[in-house]
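One structure is given here, and the rest of the page talks about it.
The values are calculated or read from the model by the stated rules, or taken from the named source; none is laboratory data. Given the structure is predicted, the values throughout are model-derived calculations rather than measurements. For neighbour counting, all protein chains shown are included, and Cβ atoms are generated from backbone atoms with ideal geometry for every residue, glycine included.
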Amino acid sequence: MTRLANAEQLNRLREALVGAVKPDMPYVSICAGTGCLACGCRPVVNQFKRLLAERGLEEKCLLKTTGCHGFCERGPVVVIHPQGIFYQQMKPADVEEVIEKTIEKGEIVRRLLYRHPQTGEEIVREEDVPFYKYQKRIVFADNGKLDPRDIEDYIRLGGYQALAKALFEMTPEEVIGAVKQSGLRGRGGAGFPTGMKWELCRKSPGDDKFIVCNADEGDPGAFMDRSVLEGNPHSVIEGMIIGGYAIGASEAYVYVRDEYPLAVENLAFAIEEAKKRGLLGRNLLGSGHTFNVKINRGGGAFVCGEETALIASLEGRVGEPRSRPPYPAVRGLWGRPTNVNNVETWANVPHIIRNGPDWFASIGTKNSKGTKIFSLVGKINNTGLVEVPMGIKLSDIIYDIGGGIPNEKKFKAVQTGGPSGGCIPAKMINLPIDYEELAAVDSIMGSGGLIVMDESTCMVDLARYFLEFLKEESCGKCVPCREGIDRSLEVLRRICAGGGTPDDIPLLQELATTIRDFSLCGLGQTAPNPLLSTIRHFRDEYEAHIKEKRCPAYVCKELISYYIDPDKCKACMICLRKCPAEAIAGGKHQIHVIDQEKCTKCGTCFEVCPSRFGAVRRLSGEPVPSPIPEEARIISQRG
């Protein structure tokens with residue numbers, strides 16, 4: 001591997017790589033991100049390799065394993081280029097047909113195409129699939145085009161051009177000025193202006209300064225940073241080098257969760273490739289600038305996503321936050337000025353330098369520029385990773401990209417920003433998504449989680465769930481967070497169990513306000529968001545639990561019961577056989593009855609009762625009718 005001694009050699013290499021591409025040559029792009037690996041992409045890759053070799057097609061068809069394409073639930077995802085044919089949920093048994101029909105004859109294997117969930121329309125090209133069609137990809141644009149273990153793929157697509165531009169055409173101050181002008185804000189949660197943070201760190205006195213990439217992605221259901229590191233690690237490395245040049249730092253750390261083995265593996269490989277090419281280490285590209293990147297594997301503590309706790313963990317201490325100021329940009333890692341940004345923020349930097357700050361600033365809203373990657377999960381037809389411009393409406397994400405709510409159920413709410421985010425109700429479905437708009441409704445951007453809920457979600461139980469997570473993940477250092485979350489959780493559990501009182505809602509609001517105003521770090525300060533937002537937008541559900549002892553969504557077990565309607569029971573015995581608690585009595589030609597003392601309220605009977613009968617009823621806030629006497633249970637065989 002030739003070491004690049006200067007920017008001219010980098011440009012010549014890129015031109016050679018671009019020139020070597022045969023536009024009409026077919027190539028197969030197979031997603032090999034964690035999601036598709038879990039769905040079984042590895043056997044598909046191996047089958048392609050074997051059959052292409054057997055048919056002598058290795059020189060005529062390129063096989064490329066890439067990072068995450070985003071449409072995770074449809075994995076394994078395979079795209080045939082140059083046509084861009086999108087095949088989903090492929091199995092090894094499908095490979096031979098794809099080679100014979102699509103690669104050799106140019107025909108479509110229709111059974112592997114994506115079908116629109118509402119219309120049933122078959123969609124051939126990846127770019128026409130609604131999940132992709134309505135996105136605007138910048139950070140994620142190349143994930144399906146390059147092999148994360150091939151630095152030449154990244155260079156061919158323009159990689160490290162921004163670095164060369166920054167090193168040889170811009171001063172550090174000009175780089176910082178470009179980032180400020182672009183309007184880029186930190187994508188890790190708080191949304192602090194990136195350029196301002198860089199400027200503060202550069203101006204802070206000290207000979208040794210550090211760059212830190214926060215890849216400690218702890219929000220349940222969030223996997224944006226993981227997928228960027230897995231699929232395009234060089235974009236993050238390039239952004240960090242540019243940041244180091246601008247700030248005056250020569251050493252960087254990537255703090256990544258230990259639960260992300262593929263991300264760690266691909267990043268480590270990319271670092272070594274960059275070193276061999278002269279893009280890391282001493283005198284990179286002959287600029288005189290030195291920059292090194294090291295990986296630190298975190299232990300899985302949610303609180304280490306907070307920058308001061310992360311720094312403490314890097315130093316080998318307990319991962320606990322400290323009060324600020326001084327901010328890490330002034331006194332951070334080992335007491336030196338330290339700039340901390342998350343994965344997505346760093347990956348945006350090369351695009352800004354290469355395309356110019358005005359280009360980036362033209363995307364998004366007045367105060368929230370660029371795009372944001374969201375993890376779209378929950379009660380939604382299309383789950384996965386989506387990158388959209390700031391300011392996009394919730395409705396566009398949920399219906400145009402997400403394909404709407406499964407099973408024709410009603411959309412109820414969406415939670416943004418992870419466990420410390422807020423819940424936005426259906427009536428606000430046209431809310432633009434940016435930092436200010438979310439803050440106005442007691443929510444946050446966070447790292448980018450979007451959890452969609454339908455009518456079967458209990459908002460009181462949801463608040464309880466997230467507070468349980470936050471209680472377990474609280475570092476316990478400060479009293480407002482440690483004790484406030486615990487007390488709030490006690491009250492929520494009591495409400496969900498039917499023991500709530502009218503004083504509980506004001507008490508929860510008081511506790512939430514105290515936690516928010518007096519907790520030490522940002523994680524504690526945002527912890528009450530699920531509570532405050534659900535009370536604000538779904539107060540009627542709290543009141544139903546407290547006043548009527550009723551769970552409108554039929555979720556809270558202590559407030560629901562199951563009852564078999566004797567007028568509808570057909571004595572089919574399905575619920576009797578399926579009941580795991582053996583709480584149903586009955587037999588052939590005999591009306592079934594649920595023993596309320598044995599019933600664990602698992603809901604199995606309700607789920608398995610044939611819809612054409614509808615004999616099993618859920619009750620909440622109303623008494624269970626007395627069972628009919630055993631001698632009256634005999635019925636003639638019906639239906």
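Descriptive notes on the structure:
- Screening the candidates Gly195, Gly159, Gly188 for the property of being in the same structural domain as Gly281 (by TED's automatic domain parsing), at negative phi, at pLDDT below 95 and crowded, with 18+ Cβ neighbours inside 10 Å yields one hit, Gly188.
- Residue within the stretch 504-517 that is closer than 30 Å to Ser611 by Cβ and surrounded by fewer than 23 Cβ atoms within 10 Å (Cβ to Cβ) present: no
- Test for Thr119: is it hydroxyl-bearing (Ser, Thr, Tyr) and assigned by TED's automatic domain parsing to the domain that holds Val77: yes
- Taking the criterion of being surrounded by fewer than 20 Cβ atoms within 10 Å (Cβ to Cβ), under 16 Å from Leu163 (Cα atoms) and of a type in the set (Val, Ile, Thr), the only residue of the stretch 272-318 that qualifies is Thr290.
- Counting only helices (runs of 4 or more DSSP H) wholly contained in the stretch 259-361, the ones carrying 2 or more residues that are in contact with an Asp or Glu (Cβ under 9 Å, 6 or more places away or on another chain) occupy 261-276, 307-314, 343-355.
- Residues of the stretch 1-53 that are charged (D, E, K, R) and farther than 15 Å from Val77 by Cβ: Arg3, Glu8, Arg12, Arg14, Glu15, Lys22, Asp24, Lys49, Arg50.
- Restricting the first member to the stretch 586-600 and to residues that are outside the structural domain of Ser626 (by TED's automatic domain parsing), and the second to residues that are part of a loop (DSSP other than H, G, I, E, B) and among the charged types (D, E, K, R), no beta-carbon pair is closer than 8 Å while six or more apart or on different chains.
- One residue alone among Val624, Val608 is out of contact with any Leu (no Cβ under 8 Å at 6 or more places or on another chain) and at pLDDT 95 or above, and that residue is Val608.
- In the stretch 67-93, the residues that are assigned to a helix (DSSP H, G or I) and either surrounded by 23 or more Cβ atoms within 10 Å (Cβ to Cβ) or not small (Gly, Ala, Ser) (or both): Cys72, Glu73, Arg74, Pro92
To keep it simple, each residue is scored yes or no on (1) closer than 17 Å to Ile151 by Cα; (2) out of contact with any helix residue (DSSP H, G or I) (no Cβ under 8 Å at 6 or more places or on another chain).
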site	(1), (2)
Ala270	yes, no
Lys276	yes, yes
Asn283	no, yes
Val293	yes, no
Gly316	no, yes
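- Restricting the stretch 412-438 to residues that are closer than 13 Å to Arg536 by Cβ and in a helix (DSSP H, G or I) leaves a set whose member that is farthest from the chain's Cα centre (by Cα) is Lys427.
- Test: residue in the stretch 550-564 that is charged (D, E, K, R), over 26 Å from Leu310 (Cβ atoms) and crowded, with 18+ Cβ neighbours inside 10 Å: yes
- Between Leu576, Leu532, the distinction of being within 30 Å of Arg324 (Cα to Cα) and either assigned to a helix (DSSP H, G or I) or out of contact with any helix residue (DSSP H, G or I) (no Cβ under 8 Å at 6 or more places or on another chain) (or both) belongs to Leu532 only.
- Taken over the stretch 211-239, the residue count meeting the criterion of being of a type in the set (Gly, Ala, Ser), touching a Cys at 6+ places or on another chain (Cβ under 6 Å) and under 13 Å from Val256 (Cβ atoms) is 1.
- Every condition in (1) farther than 30 Å from Val479 by Cα; (2) touching a Lys or Arg at 6+ places or on another chain (Cβ under 9 Å); (3) not in a loop (DSSP other than H, G, I, E, B) holds for Phe374 except the one numbered (2).
- Of the residues screened, Ile353 is one that is within 17 Å of Gly195 (Cα to Cα) and β-branched (Val, Ile, Thr).
- When Glu631 is tested against the conditions (1) loosely packed, with under 13 Cβ neighbours inside 10 Å; (2) out of contact with any Cys (no Cβ under 7 Å at 6 or more places or on another chain); (3) assigned to a loop (DSSP other than H, G, I, E, B); (4) not basic (Lys, Arg), the lone failure is (3).
- Which listed residue, of Ser313, Ser287, Ser323, is free of Cβ contacts under 8 Å to residues at least 60 places away in the same chain, on the phi < 0 side of the Ramachandran plot and among the hydroxyl-bearing types (Ser, Thr, Tyr): Ser313
- Evaluated against (1) in contact with a strand residue (DSSP E or B) (Cβ under 6 Å, 6 or more places away or on another chain); (2) in a helix (DSSP H, G or I), Leu52 falls short on exactly one condition, (1).
- Matching residues in the stretch 115-127 - criterion: being touching a residue at least 12 places away in the same chain (Cβ under 8 Å) and either within 18 Å of Asp396 (Cβ to Cβ) or in a loop (DSSP other than H, G, I, E, B) (or both): His116, Pro117, Gln118, Val124, Glu127
Rundown of residues vs (1) more than 17 Å from Gly183 (Cα to Cα); (2) in the same structural domain as Val264 (by TED's automatic domain parsing), yes/no style:
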{"residue": "Thr308", "(1), (2)": "yes, yes"}
{"residue": "Thr345", "(1), (2)": "no, yes"}
{"residue": "Asn355", "(1), (2)": "no, yes"}
{"residue": "Ile405", "(1), (2)": "yes, no"}
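- Of the residues making up the stretch 434-489, those that are under 23 Å from His545 (Cα atoms) and among the polar types (S, T, N, Q) number 3.
- Restricting the stretch 439-461 to residues that are among the β-branched types (Val, Ile, Thr) and assigned to a loop (DSSP other than H, G, I, E, B) leaves a set whose member that is modelled with the highest pLDDT is Thr457.
- Here Phe269 fulfils each of the conditions (1) within 25 Å of Asn6 (Cβ to Cβ); (2) under 25 Å from the mean Cα position of the chain (by Cα); (3) crowded, with 18+ Cβ neighbours inside 10 Å; (4) in contact (Cβ under 8 Å) with a residue 40 or more places away in the chain apart from (3).
Yes/no per residue for (1) closer than 30 Å to Thr604 by Cβ; (2) crowded, with 16+ Cβ neighbours inside 10 Å; (3) in contact with a Gly (Cβ under 6 Å, 6 or more places away or on another chain); (4) in contact (Cβ under 8 Å) with a residue 12 or more places away in the chain:
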site: Val491; (1), (2), (3), (4): no, yes, no, yes
site: Thr501; (1), (2), (3), (4): no, no, no, yes
site: Pro530; (1), (2), (3), (4): yes, yes, no, yes
site: Tyr542; (1), (2), (3), (4): yes, yes, no, yes
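- Conditions (1) over 30 Å from Arg277 (Cα atoms); (2) part of a loop (DSSP other than H, G, I, E, B); (3) at pLDDT 95 or above: number failed by Arg137: (1)
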